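*Asks:* One structure coming up, written as structure tokens, with questions to follow.
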Amino acid sequence: MTRALVFDSGVGGLTIASALRKAAPEWVVDYAADSGFFPYGVKSDAELQARLPSLCATLVDVAKPDVLVIACNTASTLSLNDIRARVSVPVVGTVPAIKPAAEQTQTGVIGILATPGTVRRAYLDDLERQFAAGRIVIRRGSAGLVDIAERAVRGQPIDQEQVAYAVKPMFDPPDGPRIDIVVLACTHFPLIRDAIAVACPPGVRLIDTGDAVARQAIRVAPQTPRPTGEAIAYVTGGAANKAAMAPAFARFGYETIEIIDV
Ligand code: DGL
């Protein structure tokens, strides 16, 4: 049996953990939230580059997974190679689903909804050049949506007006009205998919990367025999964050929570 560690800044990666548990029900899927440093989407590249590789090395030392899944677009589009260089297990990243969106669009115009950090990444420029030549790609960064998702999973109501405020400018003229596919390029966003769908014009399709990341994790993970164990959720930021995250973890089946001091 395989043990995976799914990592994100907060609750967003729980969408990827769910997809992985569905695709590989026999796996133990541990989870780590860097709540002490949340949110990533408004941090500078330098701050994230200084933290991510060493944090992931610590997490791998503690959780001892067979595969590490970076369930965060903001982290993956910046630091995937640096993280790979620091850990000895296979690392799977989560990056915006530009390729399928560019293949499937009927109008030739796609939207990328992500964090402010992800929308300004050179990594996205490369993905566009490689997979979306001849398409119009409209990027929209929102830190507000991340916050709304984080609070929604902890049981707070979703303010639809705030969601609309974050989403609607993507559909502004001249090209916005022709968007037919929106890529949910932040793992927090599938948690509020219905509210985002309501804020989009009718007929717009939302796609995310959960299933694709799960498939890739299954492809690269070594098949090591291991004893069955309980899945553990790790959290940074001390006891206050442990308490704040407990309801979200419980909703996704994590009862054991351990604090990581970094
Ligand atoms: N869930 C993360 C992502 O996929 C980022 C959320 C944050 O800003 O921390 O980009």
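*Asks:* In the stretch 190-200, which residues are touching a residue at least 24 places away in the same chain (Cβ under 8 Å) and out of contact with any strand residue (DSSP E or B) (no Cβ under 9 Å at 6 or more places or on another chain)?
*Replies:* Scanning the stretch 190-200 gives LEU191, ILE192, ALA195, VAL198, ALA199.
*Asks:* When you go through GLY203, GLY229, GLY144 one by one, which is the residue that is in contact (Cβ under 8 Å) with a residue 60 or more places away in the chain and either over 27 Å from ALA63 (Cβ atoms) or more than 18 Å from the chain's Cα centre (by Cα) (or both)? Walk me through how you get there before you give the answer.
*Replies:* Numbers: GLY203 fails: in contact (Cβ under 8 Å) with a residue 60 or more places away in the chain; GLY144 fails: in contact (Cβ under 8 Å) with a residue 60 or more places away in the chain.
Step by step, each of GLY203, GLY229, GLY144 is checked, and only GLY229 is in contact (Cβ under 8 Å) with a residue 60 or more places away in the chain and either over 27 Å from ALA63 (Cβ atoms) or more than 18 Å from the chain's Cα centre (by Cα) (or both).
*Asks:* Here is a follow-up. Can you name every residue in the stretch 77-92 that is touching a residue at least 40 places away in the same chain (Cβ under 8 Å) and either crowded, with 20+ Cβ neighbours inside 10 Å or within 12 Å of the ligand (Cβ to nearest atom) (or both)? Write out each step before concluding.
*Replies:* Within the stretch 77-92, the subset touching a residue at least 40 places away in the same chain (Cβ under 8 Å) is 77-78, 90, 92.
Answer for the stretch 77-92, where residues must be touching a residue at least 40 places away in the same chain (Cβ under 8 Å) and either crowded, with 20+ Cβ neighbours inside 10 Å or within 12 Å of the ligand (Cβ to nearest atom) (or both): THR77, LEU78, VAL92.
*Asks:* Kindly indicate which of ALA23, ALA32 is out of contact with any strand residue (DSSP E or B) (no Cβ under 7 Å at 6 or more places or on another chain) and closer than 21 Å to TYR254 by Cα.
*Replies:* Values: ALA32 fails: out of contact with any strand residue (DSSP E or B) (no Cβ under 7 Å at 6 or more places or on another chain).
None of the others qualify; the one that does is ALA23.
Yes or no, residue by residue, for (1) out of contact with any Ser or Thr (no Cβ under 7 Å at 6 or more places or on another chain); (2) under 20 Å from ASP172 (Cα atoms); (3) without any contact (Cβ under 8 Å) to a residue 60 or more places away in the chain; (4) buried (at least 23 other Cβ atoms within 10 Å of the Cβ):
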{"residue": "ALA97", "(1), (2), (3), (4)": "no, no, no, yes"}
{"residue": "THR105", "(1), (2), (3), (4)": "yes, yes, no, no"}
{"residue": "ILE110", "(1), (2), (3), (4)": "yes, yes, no, yes"}
{"residue": "LEU124", "(1), (2), (3), (4)": "no, no, yes, no"}
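For every residue, the table says whether it meets (1) crowded, with 24+ Cβ neighbours inside 10 Å; (2) closer than 19 Å to SER79 by Cα; (3) touching a residue at least 12 places away in the same chain (Cβ under 8 Å); (4) within 14 Å of the ligand (Cβ to nearest atom).
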{"residue": "ARG3", "(1), (2), (3), (4)": "no, no, yes, no"}
{"residue": "GLY10", "(1), (2), (3), (4)": "yes, yes, yes, yes"}
{"residue": "GLY13", "(1), (2), (3), (4)": "yes, yes, yes, yes"}
{"residue": "PRO25", "(1), (2), (3), (4)": "no, no, no, no"}
{"residue": "ASP34", "(1), (2), (3), (4)": "yes, yes, yes, yes"}
{"residue": "PRO39", "(1), (2), (3), (4)": "no, yes, yes, yes"}
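*Asks:* I'd like the full set of residues that are in contact (Cβ under 8 Å) with a residue 60 or more places away in the chain and either within 21 Å of GLU103 (Cα to Cα) or of a type in the set (Lys, Arg) (or both), limited to the stretch 167-189.
*Replies:* The answer is PHE171, ASP175, GLY176, ARG178, ILE179, ASP180, ILE181, VAL182, VAL183, LEU184, ALA185, CYS186.
*Asks:* Something else now. Just for the stretch 149-166: of the residues that are among the aliphatic types (A, V, I, L, M) and over 24 Å from ASP180 (Cβ atoms), which one is nearest to the ligand (Cβ to nearest atom)?
*Replies:* Within the stretch 149-166, the first condition is being among the aliphatic types (A, V, I, L, M), and the residues that meet it are 149, 152-153, 158, 163-164, 166.
Remaining after also requiring over 24 Å from ASP180 (Cβ atoms): 152-153, 158.
On the way: ALA152: 13, VAL153: 12, ILE158: 17 Å.
My answer is VAL153.
*Asks:* If the Cβ limit is 7 Å and pairs must be 6+ apart or interchain, which residue in the stretch 153-166 that is without any contact (Cβ under 8 Å) to a residue 60 or more places away in the chain pairs with which residue that is assigned to a helix (DSSP H, G or I) and polar (S, T, N, Q)?
*Replies:* Going by the 7 Å Cβ cut-off, there are no qualifying pairs.
*Asks:* Does ILE110 satisfy the criteria of being closer than 12 Å to VAL183 by Cα, within 17 Å of the chain's Cα centre (by Cα) and hydrophobic (A, V, I, L, M, F, W, C)? Full working, then the answer.
*Replies:* Details: closer than 12 Å to VAL183 by Cα: yes; within 17 Å of the chain's Cα centre (by Cα): no; hydrophobic (A, V, I, L, M, F, W, C): yes.
No; evaluated as a whole, the condition is false for this residue.
*Asks:* Can you confirm whether ALA152 is surrounded by 15 or more Cβ atoms within 10 Å (Cβ to Cβ) and closer than 23 Å to VAL6 by Cβ?
*Replies:* Judged against the criteria, ALA152 is a match.
*Asks:* Let me ask you something else. Go through the stretch 168-182 and give me each residue that's of a type in the set (A, V, I, L, M) and away from the ligand (no atom under 16 Å from the Cβ).
*Replies:* Across the stretch 168-182, the qualifying residues are MET170, ILE179, ILE181.
*Asks:* Show me the helices (runs of 4 or more DSSP H) entirely contained within the stretch 58-177 in which 1 or more residues are modelled with pLDDT of 95 or more and β-branched (Val, Ile, Thr). Don't jump to the end; show me each part of the working.
*Replies:* Numbers: elements: 73-86, 98-104, 116-119, 122-131, 144-153, 160-167.
Once the helices (runs of 4 or more DSSP H) in the stretch 58-177 are filtered for at least 1 residues that are modelled with pLDDT of 95 or more and β-branched (Val, Ile, Thr), what remains is 73-86, 98-104, 116-119, 144-153, 160-167.
The values are calculated or read from the model by the stated rules, or taken from the named source; none is laboratory data. Just so we're clear, the structure is a prediction, and the values are computed from it rather than from any experiment. In this analysis, Cβ positions are derived from the backbone assuming ideal geometry, glycine residues included, and neighbour counts consider all displayed protein chains.
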